[in-house]
Amino acid sequence: MTQAPADESETATLLSSAQHDLEAQTDTKDGQSPALKKVPKTATAAPSKILFLDGVRGLAALMVVTQHSHEYMQDLNLGACAVDAFFVLSSFLLTMLFMRKSEKLLAQGASYRKWGFTLADYFSKRFFRVYPLFALVATVLWMLPDEAKHRFYLIDSPESYDLFKVLTFDFHSRYFVLWTLPLEISYYFFIPVLVLGVLRLRRLWWVPFIPAYGWVVYEGWYTYRWDHMPLSPHAPTFVAGSMAAVLFVKFETWMKETRFEFTGRQIRAVRAVEFSALSILLSLSFRGLFFHWVHGNVAPTTPGFPFISVLLTVVLVVEMLLPSGLSSLLEWSALRYCGKVSFSIYLLHGFVIYNHGVKTQPSYYDRMFLRLGLTLMLATVSYHLVEYPSQLLAQRTTRYLAKQELQGSTEAVHSIQSKDRIVEGTGEVPSLLVYCRKPSFVKRTPPIA
C-alpha cells in the first residue's frame with residue numbers, strides 16, 4: 001500500500017481525490033498524486049491524517065526496547081502496552097484498507113474471480129511484509145552458537161533449537177519477541193471474514209457491535225493476558241482495532257455524504273471524550289497519574305497486560321476525524337522514522353541491548369546512547385537490505401496479479417465473442433455458453449461436397 005515509496009511501513013497514505021474519496025494504500029507514503037480538482041477543506045487534510053500512526057508505531061517500538069533493557073522504567077510494563085498498540089494498529093489499518101477495497105468491489109458487482117485475486121493480493125502483501133525478515137532472523141539464530149542464542153534471544157535450551165519448528169510457528173518455539181508474529185498472521189485470516197460480514201449486514205452493521213464491545217470490555221477486565229500465549233486471550237485486542245476501523249469508515253462516509261461539519265460545541269465534546277480516554281490510557285500505562293490526582297481506577301484489577309485497546313482506538317478514531325496537536329506531535333519525523341523501521345527494531349534490538357560490549361559500559365548514558373544508536377543503525381540496515389526489497393517484491397506481485405486478472409478477463413470476453421461469430425457455410429453451432437447467454441437462430445448450411 002507504485003510510487004516512490006519513501007516509507008514502506010504498514011501505515012497507509014490516504015490520497016484525496018476529486019470526489020473527496022480517500023484512497024488507502026499499504027507499505028508506502030508521501031507519494032505524489034495526480035493533479036486533483038479543488039476539494040473541500042476536510043479532504044485536503046487527508047494525507048496528514050494517517051502519518052501520526054507511524055509515530056505511534058515508532059513510540060511503541062521504543063517502549064519495547066526500554067522494557068527489554070532491564071534498566072529503564074522497570075517498575076512499569078510498557079512493553080505490554082507497546083504490544084497491544086502494535087496489535088491495535090495492525091488490525092485497524094488492515095481492516096480499514098480491506099473494507100475500502102471491498103466496498104468498491106461490491107459496488108462494481110465484481111466476480112468471484114476478481115475477489116479471488118483481491119484476496120491473493122491481500123495475503124501476498126502480508127506475507128512479504130513480515131515473513132522474509134522473520135525467516136532471516138530465525139536462520140541467523142540457527143547458525144549462531146548456543147551461547148549466542150541464549151544471550152541474544154533468551155532461549156533457555158539453545159541446543160534444542162529447531163529451525164523448521166521456528167519457521168512454522170510451533171507454539172513451543174516462539175522465542176523472545178517471535179511470539180507475536182503467529183498471532184498477527186492468524187488474525188489476518190479473520191479480517192476478510194469480519195469485513196464482508198459487516199458489509200453484508202448493510203444498514204444493520206451496527207447490531208453485532210453492541211455485544212461485541214461488551215465482550216471486548218469484559219475480556220479486557222477479567223481475562224489474564226501475558227506474553228507467549230495463543231491468540232484467544234489477545235483476540236479482543238485485535239477485534240477492538242477492527243471495530244474501530246469499521247466505525248471510522250462508516251463515520252467518515254456519513255460525514256462526506258451529509259457534508260457534516262462539527263460545530264464548536266461538538267468539537268469541545270469530542271475533545272473531552274478524547275482527553276478522558278487519553279488520560280485513562282496514560283494512567284493505566286504508568287500505574288498512577290489521574291488515578292492518584294482525580295479518582296482511583298474503578299475497573300477490576302487483573303494481573304497481566306493492562307486493558308488499553310478500546311481507549312487507544314478512541315484516540316485513534318478521533319484524531320483521524322479531527323486531527324489535533326496530539327497527532328501533530330506524533331508526526332515528529334524522529335518518531336515516524338522509528339515507525340518506518342519498527343519491525344526491524346522489534347526483531348533485532350536483542351542483538352544490541354544484550355551485547356556484552358554494550359551491557360558492560362560503565363556509564364549509564366553511554367549504555368543508553370549505544371543501545372538507542374546501534375539499534376537504529378542495525379534496524380536501518382535491515383530495512384534497506386531486507387524489508388524494502390521485500391516490499392518491492394510485494395508490489396511486483398501485486399502488479400503481476402492485477403495483470404493476470406485483467407488478462408484472464410480479456411481472454412474470457414474474447415472467447416465469448418469468438419463463439420458468437422457464426423460464419424455461414426461452415427455448419428458451426430454456438431456452444432452451450434452462447435445459448436445460455438442469448439438465444440439466436442443459426443442457419444445450417446451443409447458442407448460442399
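Run down Ser276, Ser344, Ser283, Ser309 and say which single residue is modelled with pLDDT of 95 or more, surrounded by fewer than 16 Cβ atoms within 10 Å (Cβ to Cβ) and under 24 Å from Ala60 (Cβ atoms).
Ser276
Scanning the stretch 273-289 for residues that are small (Gly, Ala, Ser) and under 28 Å from the mean Cα position of the chain (by Cα) yields Ser276, Ala277, Ser279, Ser283, Ser285.
So if I check each of Leu330, Leu385, which one is under 25 Å from the mean Cα position of the chain (by Cα), surrounded by fewer than 20 Cβ atoms within 10 Å (Cβ to Cβ) and of a type in the set (A, V, I, L, M, F, W, C)?
Details: Leu330 fails: surrounded by fewer than 20 Cβ atoms within 10 Å (Cβ to Cβ).
So the residue among Leu330, Leu385 that is under 25 Å from the mean Cα position of the chain (by Cα), surrounded by fewer than 20 Cβ atoms within 10 Å (Cβ to Cβ) and of a type in the set (A, V, I, L, M, F, W, C) is Leu385.
For the stretch 211-223, the criterion of being closer than 27 Å to Tyr175 by Cα and assigned to a loop (DSSP other than H, G, I, E, B) is satisfied by at least one residue.
Residues that are surrounded by fewer than 14 Cβ atoms within 10 Å (Cβ to Cβ), aliphatic (A, V, I, L, M) and modelled with pLDDT of 95 or more are absent from the stretch 224-233 altogether. In this structure, does Phe291 turn out to be in a helix (DSSP H, G or I), within 20 Å of Phe307 (Cα to Cα) and modelled with pLDDT under 95? Yes; evaluated as a whole, the condition is true for this residue.
For the stretch 135-163, which positions are charged (D, E, K, R) and farther than 19 Å from Ser344 by Cα? Even if it seems obvious, please write down each step before you answer.
Start the filter on the stretch 135-163 by keeping residues that are charged (D, E, K, R), which leaves 146-147, 149, 151, 156, 159, 162.
Passing the criteria: Asp146, Glu147, Asp156, Glu159, Asp162.
Scanning the stretch 234-283 for residues that are of a type in the set (Phe, Trp, Tyr) and more than 20 Å from Lys101 (Cβ to Cβ) gives Phe260, Phe262, Phe275.
Give the stretch 183-213 a look and list any residue that's among the charged types (D, E, K, R) and surrounded by 15 or more Cβ atoms within 10 Å (Cβ to Cβ), or say none. Break it down stepwise before answering.
Kept after step one, since they are among the charged types (D, E, K, R), are these residues of the stretch 183-213: 184, 200, 202-203.
Result: Glu184, single match.
The set of residues from the stretch 90-109 being of a type in the set (Gly, Ala, Ser) and surrounded by 15 or more Cβ atoms within 10 Å (Cβ to Cβ) comprises Ser90, Ser91, Ser102.
Here is the figure for the stretch 200-228: residues that are farther than 30 Å from Asn77 by Cβ and touching a helix residue (DSSP H, G or I) at 6+ places or on another chain (Cβ under 6 Å) total 1. Total residues in the stretch 347-367 satisfying the condition of being part of a loop (DSSP other than H, G, I, E, B) and either touching a strand residue (DSSP E or B) at 6+ places or on another chain (Cβ under 8 Å) or under 14 Å from Met63 (Cα atoms) (or both): the figure is 1. Within the stretch 91-112, does at least one residue satisfy the condition of being within 20 Å of Cys338 (Cβ to Cβ) and among the hydroxyl-bearing types (Ser, Thr, Tyr)? Looking through the stretch 91-112, none of the residues is within 20 Å of Cys338 (Cβ to Cβ) and among the hydroxyl-bearing types (Ser, Thr, Tyr). So which residues in the stretch 125-182 are of a type in the set (Gly, Ala, Ser), surrounded by fewer than 18 Cβ atoms within 10 Å (Cβ to Cβ) and in a helix (DSSP H, G or I)? Within the stretch 125-182, Ala135, Ala148, Ser160 meet the criteria.
The values are calculated or read from the model by the stated rules, or taken from the named source; none is laboratory data. Computed from a predicted model, the values in this text were never measured in an experiment. Neighbour counts are summed over all protein chains in view; Cβ atoms, including those assigned to glycine, are modelled from backbone coordinates with ideal geometry.
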